[in-house]
1. Take peptides 79-89, 23-33 and line them up by average Cβ neighbours within 10 Å, highest first, as a rough protection proxy.
2. Please state the shape class of segment 5-95: rounded when a/c is under 1.5, otherwise prolate if a/b exceeds b/c and oblate if not, all from the C-alpha gyration tensor.
3. Is segment 119-177 best put as rounded, prolate or oblate by its Cα gyration tensor, with a ≥ b ≥ c the root eigenvalues, rounded for a/c under 1.5, and otherwise prolate when a/b is larger than b/c, oblate when not?
4. With springs only between Cα atoms under 10 Å apart, run a GNM on the chain and tell me which of 22, 60, 133 wobbles the most.
5. Please build a GNM for the chain, connecting alpha carbons under 10 Å apart, and tell me which residue among 61, 120, 11 fluctuates the most.
6. Assuming 0.890 mPa s and 25 °C, estimate D for the chain with Stokes-Einstein, Rh taken as the Kirkwood radius over Cα pairs, in µm²/s.
7. Calculated from DSSP H runs of 4 or more alone, at -39500 (n - 2.57) each and per residue, what is the 222 nm mean residue ellipticity of the chain, nearest 500?
8. Pick from 46, 163, 92: which residue has the top mean-square fluctuation in a GNM of the chain where Cα pairs under 10 Å get a spring?
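No value in this document is a laboratory result; all are computed from the given coordinates. Computed from a predicted structure; not experimentally measured. All Cβ positions, glycine included, derive from the backbone under ideal geometry; neighbour counts span all protein chains shown.
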């Protein structure tokens, strides 16, 4: 799914907030709360942008973004005109729908159809896995391991078996670090 202008604006505001903190600027909890609520509202809207109930959230989303933007830009102004103009330019690009920051591809998804009575864990690896090694772990520990893609697996089973299989899957993390 392509990025919404509101989502790009949110990303710019998060980067601005992070950069201001690097400059030792004190950030009010009201600002961070507005940014958090904006992201929650954006994610809610993106699930189904044509749903009338979700469309009603657009003004709230814009309200949170505007409030955070005004507060952060006020703090940016105190850092100097050049600094402020740099961030203002990024915000203008975001409002025009231009991509200022790329979206992360890894999105959490709601898992539908988990077997009843089973616990479930999702594991995201940095590198693709060899399916045969993972399936050996599944058979040995009596769990179900489904590949959602070559790096993301869902593991189903009873809690004790999940713990044991995850301990063995941890070896894949060590391999990816070395």
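1. Ranked by mean Cβ neighbours within 10 Å, highest first: 79-89, 23-33.
2. In terms of gyration-tensor shape, prolate.
3. Prolate.
4. 133
5. 120
6. The diffusion coefficient I find is 127 µm²/s.
7. Mean residue ellipticity, 222 nm, calculated: -19500 deg cm²/dmol.
8. 163
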